[in-house]
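Every number in this text was worked out from the coordinates using simple rules, so none of it is lab data. The shown structure was predicted, so the numbers you read here are calculated from the model rather than taken from an experiment. Because the Cβ atoms are built from the backbone with ideal geometry, glycine has one as well, and the counts that use them run over all protein chains shown.
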Amino acid sequence: MNVSDSERVASSLVSKGFEIAPDEDSADVILLNTCSVREKAEHKLYTRVGQVRSSHTKKPMIGVMGCVAQLEGETLFNKISGIDFVIGTQAVGRVTRAIKSVLDHGPGFSDLGEREADYDWSVSFPQLHSPYVAFIPIIEGCNKFCTYCIVPFSRGRERSLPASDIVRNVLQLRSRGVKEVHLIGQNVNSYRPTTDSGLETFPGKTPFSRLLRAVAATGIERIKFNTSFPRDFHPDIVDAIDENENLCNWVHLPVQSGSNHVLKRMRRLHSIERYQKIIDKIRSSERDISLTTDIIVGFPGESRSDFEDTIKLVQYCKFDSAYIFKYSPRPGTPAYEITDDVSLEEKTRRFRELERIQREIQTANLQRYVGRSLSVLAEKRSAKSKDDLSGHSTCHRVVNFRGDTKLLGSVVDVTITEVKSNSLYGKGVTAA
Ligand code: SAH
Ligand code: SF4
């Protein structure tokens, strides 16, 4: 979501006559986009402002956007010296006003206001992070209030974009050569627009599965979506994937813990039994859908036996990949009020143990691709070898392969020959 915010801010700045500087040293204005989901991410801001201030002789204007900006607001001016303006998560459409205010009146401008009704969610083509892949927000904010999470406070309430706007955006990107769109949001499958506009002719059991069918009908080559919220995961999503080749073989479904006690205290609104049912449905698909998740270890009160339940769940689900995090207390969240009683050493121990088990599972999973052909979007030259290209498979695996740059931007068949630690390697490329 932050990458997407940055792309839209860059697009709006360029449309208003600004130029994107080729490097940090030549910039007159530096905008730092921030994350506050864990403490470590938040600390980065303090370090970065210091770096910019000490390494630049001409003193660029510094603006802070993103979740830290929204949560800290004007207090940032006192906490970190050198910041000129602060712009909240819904105020990103007004960055030029902030820059103008600092030019006219000096530092100290902040805007934490709401999003404009006519906010432009599209990204101009040159500002996309890849010419072939685009992120498309379909829902912003979060209403779930999981007890550990700061997002509902930093990003406000859920608001779904009209399907007609989303579909128009996809069609425009497709006509510019974009091959893959990612429908994004904190909980994409909680999608609930206030109007049926754009969904009228698309059947489905939920607005999200109808949207998937509507976007699939645009004919764009590939569609991915994340993140899905387990409570709102309707089996019809899997049916939509089964029906449409361009809906990719990948579901990211964060479980957070394998213990019902912990899930309850996290207020995740799903049980392990229900989660396993969803996994069974996904696994029953004729498509080989890859499954990824997020897990927090060391949530307050997580006992050794709770943690062992998480290990059991990981062994049951055989995730293709998992982002594992140590619980990080976030001031302002309900869990912050509960004693953080799992020591840092114990969190680290559980993190390492789970990581090792997950790694064994995913390495074994990856072996199934060896000798098989995967359809891969050739996105860029590989950073490791100049003769190789790099991209993602439909199952969202990084695949590096020998190939000519002429193939960039096309979907190619790659025969997998090797499993690396976090990626696949292949050869025998032919245009798909
Ligand atoms: N909306 C998504 C993810 C939001 S944040 C969801 O509900 O799954 C991304 C991930 O960060 C979460 O899935 C969670 O695993 C992790 N996370 C969020 N708050 C955290 C905290 N306080 N400590 C550690 N990890 C956290
Ligand atoms: Fe945070 Fe829960 Fe909302 Fe995800 S669903 S953003 S974890 S509150």
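With θ set to phi - 60° and the Karplus curve 6.51 cos²θ - 1.76 cosθ + 1.60, what are the ³J(HN,Hα) couplings of region 346-356 in order, to the nearest whole Hz, using x for Gly and Pro?
5, 4, 5, 4, 5, 4, 5, 5, 5, 4, 5
Determine, at each q value in 0.09, 0.11, 0.15, 0.18 (inverse angstroms), the log₁₀ of I(q)/I(0) that the Debye formula gives when each Cα of region 125-367 is one equal point scatterer.
Here log10 of I(q) over I(0) equals -0.42, -0.62, -1.09, -1.37.
For every other residue with a beta carbon closer than 15 angstrom to the beta carbon of V37, add +1 if it is Lys or Arg and -1 if Asp or Glu, then tell me the sum.
+2
From zero outward in steps of 5 Å, how is the percent of C-alpha pairs of region 2-111 spread across the bins?
In order of increasing distance, the bins hold 2, 12, 24, 27, 22, 11, 2, 0 percent.
Sorting check: for 404-416, 330-342, which peptide has the highest mean count of neighbouring beta carbons within 10 Å, and how do the rest follow?
Output ranking for 404-416, 330-342: 404-416, 330-342.
Would you mind working out the magnitude of the charge dipole of region 373-431 relative to its Cα centre, with +1 at each Lys and Arg C-beta and -1 at each Asp and Glu C-beta, to the nearest 20 Debye?
Result for region 373-431 is approximately 160 debye, rounded to the nearest 20.
Residues with amide H under 5 Å of L32's amide H, sequence separation 5 or more or different chain, H placed in the peptide plane at 1.01 Å from N; which?
Excluding prolines and chain starts, which carry no amide H, the hits are G63, V64, M65.
Exceeding 24 Å between C-alpha atoms, which entries from my cross-link table qualify? They are K16/K179; K277/K312; K40/K347; K205/K277; K386/K406.
Exceeds cut-off: K16/K179.
Counting only DSSP beta bridges with both residues in the chain, what percent are antiparallel, rounded to the nearest 5?
Close to 40 percent.
At T201 and T348, where each label point lies 7 Å from the Cα along Cα→Cβ, what is the point-to-point distance in nanometres?
The modelled label-to-label distance comes out at 6.0 nm.
If the cut-off is a Cα-Cα distance under 16 Å, which lysines reach K144, setting aside same-chain residues fewer than 8 apart in sequence?
Filter leaves K264.
For region 20-87, which trypsin sites (Lys or Arg not before Pro) are in a loop by DSSP, counting at most 13 other Cβ atoms within 10 Å?
Here the sparse-neighbourhood loop sites are K58.
Using Cα-Cα distances under 8 Å and only pairs 6 or more residues apart, what relative contact order does region 98-213 have, in percent?
Answer for region 98-213 is 25 percent.
Positive end of the charge dipole of the chain (Lys, Arg +1 and Asp, Glu -1 on Cβ, about the Cα centre): tell me which of V188, L344, G113 has its Cα farthest that way.
The Cα lying farthest towards the positive end belongs to L344.
Suppose every K and R has +1 on its Cβ and every D and E has -1 on its Cβ; what is the size of the dipole of the chain about the Cα centre, in Debye to the nearest 20?
So the dipole magnitude of the chain works out to roughly 580 debye.
Quickly estimate the mean residue ellipticity at 222 nm for the chain, helices only: each DSSP H run with n ≥ 4 gives -39500 (n - 2.57), and the total goes over all residues, rounded to 500.
-10500 deg cm²/dmol
Given 4 °C and 1.567 mPa s, how large is the Stokes-Einstein diffusion coefficient of region 338-432 in µm²/s, with Rh as the Kirkwood radius over Cα pairs?
Here the translational diffusion coefficient equals 88 µm²/s.
What dipole magnitude, in Debye to the nearest 20, does region 291-432 give about its Cα centre under +1 on Lys/Arg Cβ and -1 on Asp/Glu Cβ?
760 debye
Average projected area of the Cα convex hull of the chain, in nm²?
Mean projected area for the chain: 21.4 nm², to one decimal.
Residues in region 350-380, backbone N under 20 Å from the label point at D413 (7 Å along the Cα-to-beta-carbon vector): list them, ranges by number please.
Counting backbone N atoms under 20 Å from the label point, the list is 368-379.
Classify region 54-93: rounded, prolate or oblate, from the alpha-carbon gyration tensor (a ≥ b ≥ c, eigenvalue square roots; a/c under 1.5 rounded; otherwise prolate if a/b is larger than b/c)?
Verdict is oblate for region 54-93.
Going highest first, how would you order 168-181, 194-207, 253-266, 12-25 by mean Cβ packing within 10 Å?
For the peptides 168-181, 194-207, 253-266, 12-25, the packing ranking is 253-266, 168-181, 194-207, 12-25.
Over all Cα pairs of region 108-197, how is the pair count split among 5 Å bins, expressed in % and running from 0 up to the last occupied bin?
Calculated P(r), rounded to whole percents: 3, 12, 20, 20, 19, 15, 8, 3, 0.
Say the dipole of the chain comes from +1 at the beta carbon of Lys and Arg and -1 at that of Asp and Glu; which of P152, V52, T293 then lies farthest toward its positive end?
It is T293.
Checking the cross-link filter: which lysines have an alpha carbon closer than 17 Å to that of K420, excluding same-chain neighbours under 8 positions apart?
Partners within reach: K384.
Viscosity 1.306 mPa s, temperature 10 °C: give me the Stokes-Einstein translational D for region 220-325 in µm²/s, with Rh taken as the Kirkwood radius over C-alpha pairs.
111 µm²/s
Cα to Cα, under 20 Å, and not fewer than 8 places away if on the same chain: which aspartates and glutamates meet these conditions relative to K44?
D5, D23, E24, D25, E72, E74, D84
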